[in-house]
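The structure under discussion is supplied below as structure tokens; questions concerning it will follow.
The values are calculated or read from the model by the stated rules, or taken from the named source; none is laboratory data. Since the structure is predicted, the reported quantities are computational estimates derived from the model, not experimental observations. As a convention, Cβ positions derive from the backbone with ideal geometry for all residues, glycine included, and neighbour counts pool all protein chains shown. Calculation scope for accessible area: heavy atoms of the full protein, side chains included, ligands and nucleic acids excluded. Shrake-Rupley method; radii C 1.70, N 1.55, O 1.52, S 1.80 Å.
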Amino acid sequence: METKGVWVLALPAVLSVAGCGSVRPALVDPGLEQEIQSIRAIDNHAHPVRVMHAGEPADRGFDALPVDNMEPSSDPVNIRPGAPAVAEAARALYGGRPKARVIEEKGGQYPTWVLDQMGVETMLANRVEMGATVEPPRFRWVAYADALIFPLDNARLAERNPDRKAFFTLEDTLRARYLGAAALNAVPATLAEYLERVVTPTLERHRRGGALAEKFEAAYLRSLEFDRVDRATAERVYARFRSGPAPADADYKVLQDYLFRYIATECGRLGMAVHLHAMAGAGSYFDVSGANPLLLESVLNDPGLRRTRFVMLHGGWPFNREITALLEKPNAWLDFSAQSLVLEPATLAGSIREWLEFVPEKVLFATDAYPYSDELGWEESGWAAARAGRQALGIALTAMMRDGEISRARASELARMVLRENARHLYGL
Ligand SMILES: [Zn+2]
């Protein structure tokens with residue numbers, strides 16, 4: 001979707017200042033840099049926060065699994081309090097004024113004003129639900145589906161570590177909400193009924209609500225290895241454990257795997273993409289090896305899932321090279337959200353170059369703008385990631401030009417593809 005309007009890009013001035021933190025202008029062709037700054041982007045993945053009226057509770061719909069109540073971990077340097085990129089983002093956005101005053105002044109227009117500052121035309125908002133101030137056309141919905149693949153007693157899974165205990169409490173709450181929307185207060189007697197009365201209607205409701213995709217944060221809850229399971233086996237596990245006790249991990253996995261592929265198939269039917277967290281994740285207990293995107297290969301290779309478009313969010317880090325090979329699958333895309341926040345542009349540029357040299361139509365710009373804290377809100381993290389992501393793209397394309405791989409014209413074309421055209425084609429925007 002191309003909206004016409006006045007765009008004010010607050011970015012280039014900062015990029016031209018030499019010696020400014022991590023910015024290395026010499027690495028980017030100046031004309032190309034100018035172009036990259038002026039392209040109105042589609043941000044494939046972010047968590048914008050609504051502006052609420054006085055007296056309303058704070059918005060918590062920005063994530064099914066908010067990561068602000070986890071045990072301490074050693075945070076990456078770029079998102080620690082006082083990080084230069086964060087301070088720069090705050091200066092660029094607020095110019096030394098209190099953030100609260102700017103929010104008050106902009107009122108309900110504040111979230112779209114933030115997009116303008118980021119040079120983002122459309123942001124895919126990964127939220128439990130949409131609402132006033134974060135709404136189409138500038139924000140498009142990505143809903144959550146994990147709660148649907150854990151319909152049984154999750155006590156055993158929750159026991160694994162304190163973070164998962166918090167996560168499964170949240171997933172149980174969301175699943176209860178999905179059941180409530182189906183006028184149920186417990187899962188139905190059979191798997192067939194669960195699929196017909198809960199799973200499919202939830203996905204259809206999301207689609208009617210404008211969702212472009214369903215998001216799985218499964219990597220926070222289990223491994224990304226979703227095997228092919230026959231229906232009769234899944235039905236047996238469901239029937240045996242529906243009223244408790246909590247199933248053994250191996251039994252439960254069979255049902256989760258079946259439900260994941262069922263949902264992915266339904267997403268294909270409904271014209272929604274499937275988004276997957278595919279990167280090391282927040283928290284000190286995150287199972288990094290379980291987030292290896294190669295674990296998704298059997299899903300991508302399932303002939304029954306070739307109609308479904310899978311988008312691996314965050315570019316797979318630290319498995320950036322493994323994910324490259326998956327781009328050959330006709331149903332696989334990736335974005336570089338979060339890497340654009342936690343890695344330096346020159347580091348990310350190496351991966352972007354490799355992806356663009358392989359299957360450039362499948363590479364998407366994204367930020368993972370997220371409300372980490374008051375200091376590092378979705379605005380600052382979004383602005384910093386948008387700037388670093390553009391910088392990384394510029395470095396990658398400039399290096400490809402200098403090495404004689406692509407022409408200057410092709411560099412322009414690739415910049416437009418990554419920043420918006422690939423996403424437009426993927427979602428039909
Ligand atoms: Zn995210």
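Between residues in the stretch 200-220 that are free of Cβ contacts under 8 Å to residues at least 24 places away in the same chain and residues that are open to solvent by less than 20 Å² (accessible area, probe 1.4 Å), which pairs lie under 9 Å by C-beta distance while being six or more apart or on different chains?
The qualifying pairs are Pro201/Tyr178.
One line per residue, one yes/no per condition, for (1) within 16 Å of the ligand (Cβ to nearest atom); (2) at positive phi; (3) surrounded by fewer than 24 Cβ atoms within 10 Å (Cβ to Cβ):
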residue: Ala291; (1), (2), (3): yes, no, no
residue: Leu300; (1), (2), (3): no, no, yes
residue: Pro303; (1), (2), (3): no, no, yes
residue: Arg306; (1), (2), (3): no, no, yes
residue: Trp317; (1), (2), (3): yes, no, yes
residue: Ala325; (1), (2), (3): no, no, yes
residue: Ala332; (1), (2), (3): no, no, yes
residue: Ser340; (1), (2), (3): yes, no, no
residue: Leu364; (1), (2), (3): yes, no, no
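Can you name the residue in the stretch 141-162 that is outside any loop (DSSP other than H, G, I, E, B) and within 16 Å of the ligand (Cβ to nearest atom) and, of all such residues, is most open to solvent (accessible area, probe 1.4 Å)?
Trp141
With the requirement that a residue be among the hydrophobic types (A, V, I, L, M, F, W, C), open to solvent by 10 Å² or more (accessible area, probe 1.4 Å) and at pLDDT 95 or above, what does the stretch 40-53 give you?
Hits for the stretch 40-53 are Val49, Val51.
Among the residues of the stretch 259-285, write down those that are away from the ligand (no atom under 16 Å from the Cβ) and among the β-branched types (Val, Ile, Thr).
Selection gives Ile263, Thr265.
May I ask you to verify whether Ala92 is open to solvent by less than 50 Å² (accessible area, probe 1.4 Å), modelled with pLDDT under 90 and either more than 16 Å from the ligand (Cβ to nearest atom) or not charged (D, E, K, R) (or both)?
Spelling it out, it is not the case that Ala92 is open to solvent by less than 50 Å² (accessible area, probe 1.4 Å), modelled with pLDDT under 90 and either more than 16 Å from the ligand (Cβ to nearest atom) or not charged (D, E, K, R) (or both).
Within the stretch 374-385, is there a residue that is assigned to a helix (DSSP H, G or I), open to solvent by 30 Å² or more (accessible area, probe 1.4 Å), in contact with a His (Cβ under 8 Å, 6 or more places away or on another chain) and closer than 27 Å to Phe139 by Cβ?
Looking for residues that are assigned to a helix (DSSP H, G or I), open to solvent by 30 Å² or more (accessible area, probe 1.4 Å), in contact with a His (Cβ under 8 Å, 6 or more places away or on another chain) and closer than 27 Å to Phe139 by Cβ, one finds none in the stretch 374-385, hence no.
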